Structure formats: structure tokens, C-alpha cells
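All of the numbers you see were taken from the coordinates with simple rules; none came from a lab. Predicted, not measured: the structure shown is a model, and the values here were computed from it. Virtual Cβ from ideal backbone geometry, glycine too; neighbours counted across all protein chains shown.
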Amino acid sequence: MTIDADPQLYSFLPYNRRPKITWPNGARIAVWVAPNIEFYEFDPPPNPKRKPWARPLPDVLAYSHRDYGNRAGWQRMMEAMDAVGIRGSVSLNVAMCEHHPEIIEECNKRGWEFYSHGIYNTRYTYGMSMDQEREIVVDSIETVRKWTGQTIAGWLSPALSNNVWTMDLLAEAGIRYTCDLFHDDQPMPVAVKSGKLISIPYSLEMNDVIAYLTNQCPPRHYGETIKRQFDQLYAEGERSGTVMCIPLHPYLVGHPHRIQPFAEALQHIAKHDGVWLATGREIAEHFYSHYYDQMSGAGAEVKS
Amino acid sequence: MSLPPEYMQYPMRRHGMDQDRYQWSSLTERPRIEWPGGARIALWVTPILQWFPLNMTSTPFLAPGGLTMPYPDYRHYTNRDYGNRVGIFRVLDLLERYKLAASTFVNAAIAERYPSLLRELVDRKIEIVAHGLDMGHLHHSGLSQEQESELVKRSCDMLARAAGEPIKGWLSPGRSQSWSTLDILAAHGIEYCCDWANDDMPYEMRTSGEDVLSMPLAHESDDRMILQEFRHTEDQWLAQTKDRFEVLYREAERHGGRIMSLPLHAWIMGVPYRATYLREALDYIAGHDKVWVATGQQIAAEFRRQAAG
């Protein structure tokens, strides 16, 4: 593995000097909601780089806290999205297909997209060989196809664990977009050894796990941050189309003390004109068709 | 470099859970529960009494709220003990004022140290729920089964003597368990346990003896999490408590009775200014008529009666 100061994944392309993006039907902002539908194992094998649970096994509190999402939280999250006609792009620990196909079925029949978030959120790619990591990509593609009929287009590494070759592997396997890069509010080409890959804005700040747990944001304030993030990106979208992502975790947003302000924030977004309520795949494909080549060329002045 | 082959194998990748303690089910797909009197919400007021020994250890981790300063940490020891001397009485006054039944989670050491406090609770017909021995004795997999059994037995015996009746409910200190805790609890007559945070309603957990009912005790919306871990203001505790109640109250109409626990650490919510927020929360809840205020034992018994029928 080479260690470099720069990830060498993208060119410097400043926000104010880019080709203009227009979303379908003249929309100025593409909004996508990405529920992380996850399974955290009770007794996972150890990884050399990361402990799955803070407490010694069994960490019944942390395990059950995550399990809340699959028993009680997902239905509230889904209802808030249904109410405004937002389809999810599911960041899926693909073992969920085996554990809780009932949840997968509910998502699938709503036309939600599935993309891979690894096998389990307690299996990290740290320490894996390329072949091992390739194995989870293949497993993801096959599992999601078998259970949903969909061919995954997107990738968010399990628990955001990456290796320096991960993006190359994804492109090689035909994955179309990654959610692991946070450097932009618009899709961007990712430099890979072969094939093509783009990044789609995913957002740490809008992610409920970062908002509620890392930033310790009160639920009503989280609703407010979503509205303000939207208002700002909506205004900027007049110049060039922006992307807003709301990454979610049903084990967090799905709680009764949190769901209402979140539902209201979605209503705020949905009542605007010029908003494209899209899925990750739809955003990626529109970008590939219209902007990939332009954007790839535009960064050549700086670094490739 | 690569990981051992086991890392790429998933022996528990199967339908349902990856352990055998309980079955998966979806909250909104279960039979309706109808609380007595047509109530939508079973309000379960749950004050918590804790004792943090001055010489407590971090075995295997520091219990939430544990002492963090060099010995002797009078600062945190006394701040926590305040709840047992003063804070709890503010909470009890409010229970009296709103005529609320309650279940109090009690570290067994408190029964020995402050027997008059236990008599006070018992006289008020408040259910005593075991909360382990004290905050320095966590249940974890480093204990032998014998050691943990002794801890459970001792805790339950001390509290049962004070309560004048067997203890039926359990909350582990720090909600921490070993692989065997549930089996040991069942063997000592515990009927419901509040450690697992994965549901808004009760569900049965398998043990080596009788099933133990998992009771839904708020985790991320409890007073200690909101005020001490997340460092939100009391206004925000109040807002989250109201929002939680509102959502559950509304859902109950569609899906059947819900449970609203109200964890109140005496050393946190018993502080004078915080008690004023607690009064506001209780005032708000009192403005709703379809509320059944009950103890954990009553809620568990009613749930089991209907679930079995």
C-alpha cells in the first residue's frame, strides 16, 4: 500500500469556475435521501484497525440501540418520506436482505433504490486484501440482485472504511458512484485506474448520526439545519444545479422524540418548485450523460 | 496483507436476528394492545436512585455518571449522592402532586445505606426495581457465572427485604450485561428487564429458564443522555419529552397502546431548577386524558395477559 499526502482522486475545480449543471425539467437542486439500513452484529470477528463496539462484548446497549432501527424506527422514517413522495436511496448492509427481507420488500415496492454499504456495518475493509474487498463488492451485487432485482450503482463503504485501492475496485466492478467523498456539493469525476466513477455529494453534516451523536444536535435543531441547508443550496442552484443529500439512520431519526421535526423539514423541501426529488442512481446517470466529460476536462488545468 | 478467512465468513447471516434471545418483529405489524380505560399511553414514571462508591473502579469500563477525578472524588460522589438525600424528594413531591404511580430503579446498596428512603418509597406504593448492587458493580463477561449470580442474588435479596416482596423488574447498572445476565436474572425470579433499547413496546426474551419480558425504557431520550451526554438544555429535554409523548399518543390511535417511560435520575432531575422543567412536562402530560399511569409490573402484566390471549 502506498501512503500519500493527497488521495489523488479528484482535481481542484473551484465552485465558481465550473460548467453549469441543469437538472431535469430545469430543476435547480437535486435532493436525495439516503437511509442507511444497517445490521450490526452481536458478536462480530475482530478487525485489526477498529473495534466494533465500545464496551466489551456483548455490548447489549449499543447493539440493541442499532437494532431499534429495524424493529421500530424504519417505519416512522418511511412514513415521513412517503408523506412527501420522497423515494429513498438505501445505503444497504446487504446482509439485511437475509436478516430482514420484510423491510427490504417495503423499500423495493416503493421504488426505492438500493446501493451497497458492505455486508455488515461491523465488518470493515481495513486490513483486507484487494481480493477480499473485491469479494464484498461481488457479494453485494449478487445479493441485492437476488433479493430486489436491482443492479446496484452506488457504494458507501461499510462504516466508511476505505483502502487506497477501493475506488479502483469499484470502477472495475461497474459501480457508478461513490458516497465516500465529501469534497463537494456537486457530483464530480473520480480518478480511477480503469473505467469511470463519480462521487455524489452525501454530506456528513446532514447525516443524522453526525448531527445527533457527534455534533449532539437537538432534534428540532436538526430539522432547522436541514431547512437552512436546503434554502442555501436551492438559492445557489439558480447559478448551477446543486445536490443535497440527507443521509439517515432509522435507529436515530426514527425515534418518537426526533421524527416530527425531521418530517417537517422534508415538507419544507417538498413544497418548493424546481426541486428534483431523485435517487442516487438518477443523479449519477444524468451527470454521466451531460456533464461527466465537461467536468473531467475542466479540471485539467490543475491536477489530474 | 489480508484478514483471516473467518472475517469473510458470516455464520449468522440468516433470517431474523444473529442471536437467539428474541425474534424479530415490526412494531407496526403486531396485535394491538388496549390499555385499561381505553388509554393510548401507559405512562411509566421511572425515577432512578444510584450510589457511586468513592472507590469505584472502571471494570470493565466506567459506569455512565461514574467518578472521574483523582481519589477522593468528593465532587462527583456527593453530587450523585445528592439525588438520594435531596433530589428524590422533589421528584416524589411532584409524583404526589400529580397522583402518579411510579417504579423506582434502585441500586441495592441504597437499601442498606438509606433504609428510611426505601420505607418512604414503599409507603408511597412505588414499585422497587432492582438496579444492580451499585454503580461500581457492572455486569459483564469478565465475571464468572457464579460471581454474577451472587451479585444478582445479593441485589435482589437486599431490595426484596426492603420492599417486603419479591423483586420482579431489573435494570443493570449502565445497562450492561454479560452473555449470561438474562439467564441469571430469570433464575432469580426477575420477570422483566429494561437493559435492551431496541423497541417502544415489550417483547419476550428467551433465557435458560422462564422468558424475561424486555420493557422499553427510553435510552437516548432519557434525562441523563439528553442533559449530560448530549449537553442539551432543559428546554430541549422538555421539547423532546413533549415530542416523544405527542408522537406516541398519535400513533397509539392507529396501532394500539404505547408505553412512555420517563427516566428521572434523582441526581439530575432532582436539582431545583430542573424540577421546574419536570413539573412542566408532567403538566403537559396531565393535559391529555387517555393516559394510564402504571408501574412496570402492572404494564408488564397487562401486556403479557393480552399478548398471551
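Within the range B:1-33, whose backbone N sits under 17 Å from a point 7 Å along Cα→Cβ of A:SER129?
Once the point is set 7 Å along Cα→Cβ of A:SER129, B:1-9 turn out to lie under 17 Å by backbone N, inside the range B:1-33.
Is the C-alpha gyration tensor of chain A telling us rounded, prolate or oblate? Criteria: a/c under 1.5 is rounded; beyond that, a/b larger than b/c is prolate, otherwise oblate. Don't skip to the answer; put the middle values down first.
Details: a/c = 1.58, a/b = 1.10, b/c = 1.44.
Oblate.
Calculate, for B:GLU165 and B:GLU210, the FRET efficiency according to 1/(1 + (r/R0)^6) with r their C-beta to C-beta distance and R0 22 Å; round to the nearest 0.05.
Details: r = 18 Å, r/R0 = 0.82.
It comes out at approximately 0.75.
Let a ≥ b ≥ c be the square roots of the eigenvalues of the Cα gyration tensor of the range B:97-230; is it rounded (a/c under 1.5), or, if not, prolate (a/b larger than b/c) or oblate? Each step should come with its number before you reach the end.
Values: a/c = 1.42, a/b = 1.13, b/c = 1.25.
Here the range B:97-230 falls in the rounded category.
Kindly put A:ASP185, A:ASP43, A:ASP6 in sequence by how many other C-beta atoms sit within 10 Å of each C-beta, fewest to most.
On the way: A:ASP185 21, A:ASP43 16, A:ASP6 7.
Ascending Cβ contact count within 10 Å gives the list A:ASP6, A:ASP43, A:ASP185.
When Lys and Arg each count +1 and Asp and Glu each count -1, what net charge do the other residues less than 11 Å away from A:THR148, Cβ to Cβ, add up to?
Working: positive: A:LYS109, A:ARG145, A:LYS146; negative: A:GLU105, A:GLU113.
Its environment carries a net charge of +1.
Alpha carbon centre of the range B:1-45 versus the range A:185-227: separation in Å?
Each part reduced to its Cα centre gives a spacing of 28 Å.
May I ask what percent, to the nearest 5, of DSSP beta bridges between residues of the range A:24-298 are antiparallel?
Working: 2 of 24 bridges.
That works out to approximately 10 percent antiparallel.
For an R0 of 22 angstrom, estimate the FRET efficiency from the Cβ-Cβ distance between B:ARG14 and A:LYS109 and round to the nearest 0.05.
Values: r = 23 Å, r/R0 = 1.05.
My answer for the efficiency is 0.45.
In terms of modelled amide H atoms, which long-range or inter-chain residues lie less than 5 Å from the amide H of A:ALA34?
Amide H neighbours of A:ALA34, under 5 Å, 5+ apart: A:SER89, A:ILE246, A:LEU248.
Under the Karplus relation 6.51 cos²θ - 1.76 cosθ + 1.60, θ = phi - 60°, what is the ordered set of whole-Hz ³J(HN,Hα) values for the range A:150-155, x standing for Gly and Pro?
Along the range A:150-155, the couplings run 8, 9, 5, 10, x, 8 Hz.
Inside 10 Å of the C-beta atoms of B:220-232, what's the mean count of C-beta atoms belonging to other chains?
Values: counts 10, 5, 0, 0, 0, 0, 4, 0, 0, 2, 6, 2, 5.
If you average over the peptide's residues, the count of other-chain Cβ atoms is 3.
Just rank B:TRP24, B:TRP196, B:TRP44, A:TRP276, fewest to most, by other beta-carbon atoms within 10 angstrom. It would help to have the intermediate numbers written out before the result.
Numbers: B:TRP24 16, B:TRP196 25, B:TRP44 28, A:TRP276 20.
Listed from fewest to most nearby Cβ atoms, that is B:TRP24, A:TRP276, B:TRP196, B:TRP44.
Just to confirm the filter: which trypsin sites (Lys or Arg not before Pro) across the range B:204-309 are DSSP coil and have at most 15 other Cβ within 10 angstrom of their Cβ?
Numbers: sites: B:ARG206, B:ARG224, B:ARG231, B:LYS242, B:ARG244, B:ARG250, B:ARG254, B:ARG258, B:ARG274, B:ARG279, B:LYS290, B:ARG304, B:ARG305; in loops: B:ARG206, B:ARG231, B:LYS290.
In loop regions of the range B:204-309 (DSSP not H, G, I, E or B), the sparsely surrounded trypsin sites (Lys or Arg not before Pro) are B:ARG231, B:LYS290.
For A:SER199, enumerate residues with amide H under 5 Å from its amide H, sequence gap 5+ or separate chain, H modeled in the peptide plane.
A:THR178, A:MET188, A:VAL190
When the Cα centres of the range B:237-286 and the range B:201-227 are compared, how far apart do they sit, in Å?
The range B:237-286 and the range B:201-227 have Cα centres separated by 17 Å.
For the pair B:GLU6/B:GLU112, report the inter-label distance in nm, with labels modelled 7 Å from Cα in the Cβ direction.
Label-label distance for B:GLU6 and B:GLU112, simple model: 3.9 nm.
Go ahead and estimate [θ] at 222 nm for chain B from helices alone: -39,500 (n - 2.57) per DSSP H run with n ≥ 4, summed, over the residue count, rounded to 500. Walk me through the numbers on the way to the answer.
Working: 10 runs with 114 residues, N = 309.
Calculated from helices alone, the mean residue ellipticity at 222 nm is -11500 deg cm²/dmol.
Compute the convex hull volume of the Cα atoms of chain B, divide it by the residue count, and report the result per residue in Å³ as a whole number.
Working: hull volume 51.2 nm³, N = 309.
Residue-normalised Cα hull volume stands at 166 Å³.
Work out how far the C-alpha atoms of the protein assembly as shown reach from end to end along every principal axis, then list the three figures in whole Å, largest first.
Per principal axis, max minus min of the Cα coordinates gives 79, 53, 52 Å.
When we measure straight from the Cα of A:LYS109, which lysines land under 21 angstrom away, once same-chain ones fewer than 8 places off are left out?
A:LYS146
Is it possible to state the helix-based mean residue ellipticity at 222 nm for chain A, with each DSSP H run of 4+ residues giving -39500 (n - 2.57), the sum divided by total residues, to the nearest 500 deg cm²/dmol? What is it?
So the calculated ellipticity at 222 nm is -10500 deg cm²/dmol.
Evaluate the relative contact order of the range B:33-308 (contact order divided by residue number), counting alpha-carbon pairs under 8 angstrom at least 6 apart; express in whole percent.
Working: 523 pairs, mean separation 82.2, N = 276.
Value for the range B:33-308: 30 percent.
Quick check on the range A:231-297: take the gyration tensor over C-alpha atoms, sort the square-rooted eigenvalues as a ≥ b ≥ c, and tell me if it's rounded (a/c under 1.5), prolate or oblate. Don't skip to the answer; put the middle values down first.
Values: a/c = 3.07, a/b = 1.85, b/c = 1.66.
Prolate, because a/c is 1.5 or more and a/b exceeds b/c.
Contour minus end-to-end for A:ILE210 and A:ASN25, with contour as 0.36 nm per residue of separation and end-to-end as the Cα-Cα distance?
Extra length available between A:ILE210 and A:ASN25 comes to 63.3 nm.
Within 10 Å of each Cβ in B:125-132, how many Cβ atoms from other chains are there, averaged over the peptide? Could you put the intermediate results ahead of the total?
Numbers: counts 0, 0, 0, 0, 0, 0, 0, 0.
Partner-chain Cβ atoms within 10 Å, mean over residues of B:125-132: 0.
What stretch of chain A, leaving out the sites themselves, is the longest with no GluC sites (Glu not before Pro) in a DSSP loop having at most 12 other Cβ atoms within 10 Å?
Working: sites that count: A:GLU238, A:GLU301.
With a cap of 12 other Cβ atoms within 10 Å, the longest stretch comes to A:1-237.
Considering only the other residues whose Cβ falls under 13 Å of the Cβ of B:PRO53, what net charge follows from Lys and Arg at +1 and Asp and Glu at -1?
Values: positive: B:ARG80, B:ARG113; negative: B:ASP73, B:ASP81, B:GLU112, B:ASP134.
Once positives and negatives cancel, what remains is -2.
In whole Hz, with x marking every Gly and Pro, tabulate ³J(HN,Hα) for the range B:33-39 from phi via Karplus 6.51 cos²θ - 1.76 cosθ + 1.60, θ = phi - 60°.
Each residue of the range B:33-39 in turn: 9, 10, 6, x, x, x, 5 Hz.
Count charges around A:ARG66 for me, please; just the other residues with Cβ under 11 Å from its Cβ, Lys/Arg as +1, Asp/Glu as -1. Kindly include the intermediate steps, with their values, before the conclusion.
Values: positive: A:ARG71; negative: A:GLU38, A:GLU41, A:ASP59, A:ASP67.
Its environment carries a net charge of -3.
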